[in-house]
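J.: Shown below is the structure under consideration.
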Amino acid sequence: MPWHQGVSDTLFEIECEGHRHTVVWSAGELLLPDHPNISAEKVLVALGGPKPRCLDILDLWNFALSDAGFIEEWAPWYKADHQRRWWLNTALERLRSEGVQDFLYDLPRDKAVKMGEVVTTLPHEFLDRAMAAVVDAADKRGWDFAPSMHRHLIEATKLRARRSLVQALANQRPSVPNPALIPFTCIVELLDVPLVSGRLSGRDSHVEISLHPRWLSRVWARGVSVHVGRFTVDLTEHNGVTTLHQIEWSEDNGELRPSLVNCHV
């Protein structure tokens with residue numbers, strides 16, 4: 001099953017050729033419903049005709065998937081931040097006009113300009129899906145990311161895993177007081193088998209989880225990082241059956257201990 005199966009469609013509107021046009025992400029593809037013959041329009045552009053803004057968006061999307069440099073900016077932001085987007089627009093203009101690079105430090109200047117356009121144009125929900133496509137493709141290739149990109153994906157995994165764990169613990173019964181304050185360690189490694197340890201026992205509570213960074217595309221991007229109140233460490237498929245591998249907490253001598261259980265969906 002492809003990573004995007006079951007992931008909800010998302011869209012946004014832009015000004016294009018004097019009209020409001022819709023850009024749609026659906027089933028892993030960027031669609032331009034107001035441009036039914038994109039190939040013909042590309043030919044006209046190649047012959048010197050004006051380029052519709054929607055085709056610019058399509059090019060940005062394809063560049064994001066092929067280069068993935070946007071992940072450096074995307075990784076530390078769990079959701080859209082309008083102040084950050086405003087600052088990025090200002091920083092991008094400064095990079096263009098003065099050559100001062102205040103963001104995307106891992107990229108050469110020309111790519112930083114292009115990726116700056118990506119992160120200031122595409123909504124955060126589109127960047128989430130672009131990330132998942134990039135991670136899924138790399139996982140199939142054997143995880144060939146450069147060390148700097150791997151570092152950003154580790155950061156992204158830790159951030160999103162912590163938020164998901166807190167959400168799952170908030171659903172725990174018996175209830176866990178102040179789950180956001182529980183010490184949490186997320187070890188991100190290229191392991192085939194995720195691990196969990198720790199306990200929930202008042203001041204002695206702590207949780208440690210080991211995840212593969214493909215968790216971002218396999219689990220988080222699919223919206224199942226928390227399912228039926230439990231944290232999902234991995235998702236596997238066999239003979240058409242999808243299995244979520246999740247953390248279940250069980251009472252043991254007055255405290256809660258974690259174990260991994262399977263949930264078929």
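The values are calculated or read from the model by the stated rules, or taken from the named source; none is laboratory data. These figures come from a predicted structure and were not determined experimentally. Note that each Cβ is placed from the backbone with ideal geometry, even for glycine, and that neighbours are counted across all protein chains shown.
J.: Please indicate, with yes or no, whether at least one residue in the range 168-180 is touching a Pro at 6+ places or on another chain (Cβ under 7 Å), on the phi < 0 side of the Ramachandran plot, of a type outside the set (D, E, K, R) and not in a strand (DSSP E or B).
T.: So in the range 168-180, the residues touching a Pro at 6+ places or on another chain (Cβ under 7 Å) come out as 169-170.
Checking the rest, the ones that are also on the phi < 0 side of the Ramachandran plot come to 169-170.
Subset that is of a type outside the set (D, E, K, R): 169-170.
Going one step further and asking which of them are not in a strand (DSSP E or B), we end up with 169-170.
Yes, there is a match, as at least one residue in the range 168-180 is touching a Pro at 6+ places or on another chain (Cβ under 7 Å), on the phi < 0 side of the Ramachandran plot, of a type outside the set (D, E, K, R) and not in a strand (DSSP E or B).
J.: Let me ask something additional. How many residues does the range 1-42 contain that are free of Cβ contacts under 8 Å to residues at least 12 places away in the same chain, more than 29 Å from Arg222 (Cα to Cα) and in contact with a strand residue (DSSP E or B) (Cβ under 9 Å, 6 or more places away or on another chain)?
T.: The number of residues fulfilling the criteria is 1.
J.: Let me ask something else about it. Which condition from (1) outside any strand (DSSP E or B); (2) of a type in the set (Val, Ile, Thr); (3) free of Cβ contacts under 8 Å to residues at least 12 places away in the same chain is the one that Thr236 breaks?
T.: Of (1) outside any strand (DSSP E or B); (2) of a type in the set (Val, Ile, Thr); (3) free of Cβ contacts under 8 Å to residues at least 12 places away in the same chain, only one is false for Thr236: (1).
J.: Could you count how many residues in the range 240-261 are farther than 17 Å from Ser197 by Cα, surrounded by fewer than 21 Cβ atoms within 10 Å (Cβ to Cβ) and in contact with a strand residue (DSSP E or B) (Cβ under 7 Å, 6 or more places away or on another chain)?
T.: Narrowing the range 240-261 to residues farther than 17 Å from Ser197 by Cα: 240-244.
Imposing the further condition that a residue be surrounded by fewer than 21 Cβ atoms within 10 Å (Cβ to Cβ) reduces the set to 240-243.
Right, trim to in contact with a strand residue (DSSP E or B) (Cβ under 7 Å, 6 or more places away or on another chain) and you get 241-243.
Looking only at that region, the number is 3.
Each row is one residue, and each column tells you yes or no for (1) hydroxyl-bearing (Ser, Thr, Tyr); (2) in the same structural domain as Gly254 (by TED's automatic domain parsing); (3) modelled with pLDDT of 95 or more.
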residue	(1), (2), (3)
Leu153	no, yes, yes
Ala161	no, yes, yes
Ser164	yes, yes, yes
Gln172	no, yes, no
Phe184	no, yes, yes
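J.: Hey, among Ser225, Ser210, which residue is among the polar types (S, T, N, Q) and crowded, with 21+ Cβ neighbours inside 10 Å?
T.: It is Ser225.
J.: If you take the residues of the range 27-82 that are among the charged types (D, E, K, R), touching a helix residue (DSSP H, G or I) at 6+ places or on another chain (Cβ under 7 Å) and part of a loop (DSSP other than H, G, I, E, B), which of them is nearest to Val135 (Cα to Cα)?
T.: Residue satisfying both the conditions and the ranking: Lys79.
J.: Moving to a separate point now. Can you find a residue in the range 98-108 that is assigned to a helix (DSSP H, G or I) and either in the same structural domain as Ser201 (by TED's automatic domain parsing) or in contact (Cβ under 8 Å) with a residue 12 or more places away in the chain (or both)? Break it down stepwise before answering.
T.: Filtering the range 98-108 down to residues assigned to a helix (DSSP H, G or I) leaves 98.
This time we only want the ones that are either in the same structural domain as Ser201 (by TED's automatic domain parsing) or in contact (Cβ under 8 Å) with a residue 12 or more places away in the chain (or both), so: none.
Checked the range 98-108: no residue is assigned to a helix (DSSP H, G or I) and either in the same structural domain as Ser201 (by TED's automatic domain parsing) or in contact (Cβ under 8 Å) with a residue 12 or more places away in the chain (or both).
J.: Sticking with this structure for a sec: I'd like the residue in the range 141-175 that is of a type in the set (Gly, Ala, Ser) and under 16 Å from the mean Cα position of the chain (by Cα) and, out of all such residues, is farthest from Pro76 (Cα to Cα).
T.: Kept after step one, since they are of a type in the set (Gly, Ala, Ser), are these residues of the range 141-175: 142, 146, 148, 156, 161, 164, 168, 170, 175.
Still in the running and under 16 Å from the mean Cα position of the chain (by Cα): 156, 161, 164.
Working: Ala156: 6, Ala161: 12, Ser164: 15 Å.
If we take residues in the range 141-175 being of a type in the set (Gly, Ala, Ser) and under 16 Å from the mean Cα position of the chain (by Cα), then Ser164 is farthest from Pro76 (Cα to Cα).
J.: Checking Glu237 against (1) modelled with pLDDT under 95; (2) surrounded by 14 or more Cβ atoms within 10 Å (Cβ to Cβ), which single condition isn't satisfied?
T.: (2)
J.: Can you name the residue in the range 94-130 that is acidic (Asp, Glu) and under 23 Å from Cys54 (Cβ atoms) and is also nearest to the chain's Cα centre (by Cα) among such residues?
T.: Of the range 94-130, the ones acidic (Asp, Glu) are 98, 102, 106, 110, 117, 125, 128.
When the remaining residues are screened for being under 23 Å from Cys54 (Cβ atoms), the result is 117, 125, 128.
On the way: Glu117: 18, Glu125: 8, Asp128: 4 Å.
Restricting to residues being acidic (Asp, Glu) and under 23 Å from Cys54 (Cβ atoms), the top hit is Asp128.
J.: Still on this structure, I have one more. Please indicate, with yes or no, whether at least one residue in the range 52-63 is farther than 29 Å from Leu216 by Cα and at pLDDT below 95.
T.: Residues of the range 52-63 that are farther than 29 Å from Leu216 by Cα, as a first pass: 52-53.
If we keep only those that are at pLDDT below 95 too, we end up with none.
No: the range 52-63 contains no residue that is farther than 29 Å from Leu216 by Cα and at pLDDT below 95.
J.: So, in the range 115-172, exactly how many residues are charged (D, E, K, R), in contact (Cβ under 8 Å) with a residue 40 or more places away in the chain and more than 25 Å from Asp9 (Cα to Cα)? Let's see the steps before the verdict.
T.: Here is the first cut: in the range 115-172, the residues charged (D, E, K, R) are 117, 125, 128-129, 136, 139-141, 144, 151, 155, 158, 160, 162-163.
Retained after the next criterion (residues that are in contact (Cβ under 8 Å) with a residue 40 or more places away in the chain): 117, 125, 128-129, 136, 139, 155, 160, 163.
Remaining after also requiring more than 25 Å from Asp9 (Cα to Cα): 155.
Number of matching residues: 1.
J.: So, one more: Which condition number does Ser217 fail, the rest of (1) polar (S, T, N, Q); (2) part of a strand (DSSP E or B); (3) within 19 Å of the chain's Cα centre (by Cα) being met?
T.: Result: Ser217 passes all but (2).
J.: Can we say Lys79 is without any contact (Cβ under 8 Å) to a residue 60 or more places away in the chain, under 22 Å from the mean Cα position of the chain (by Cα), under 21 Å from Trp61 (Cβ atoms) and loosely packed, with under 14 Cβ neighbours inside 10 Å?
T.: Values: without any contact (Cβ under 8 Å) to a residue 60 or more places away in the chain: yes; under 22 Å from the mean Cα position of the chain (by Cα): yes; under 21 Å from Trp61 (Cβ atoms): yes; loosely packed, with under 14 Cβ neighbours inside 10 Å: yes.
Yes, satisfied.
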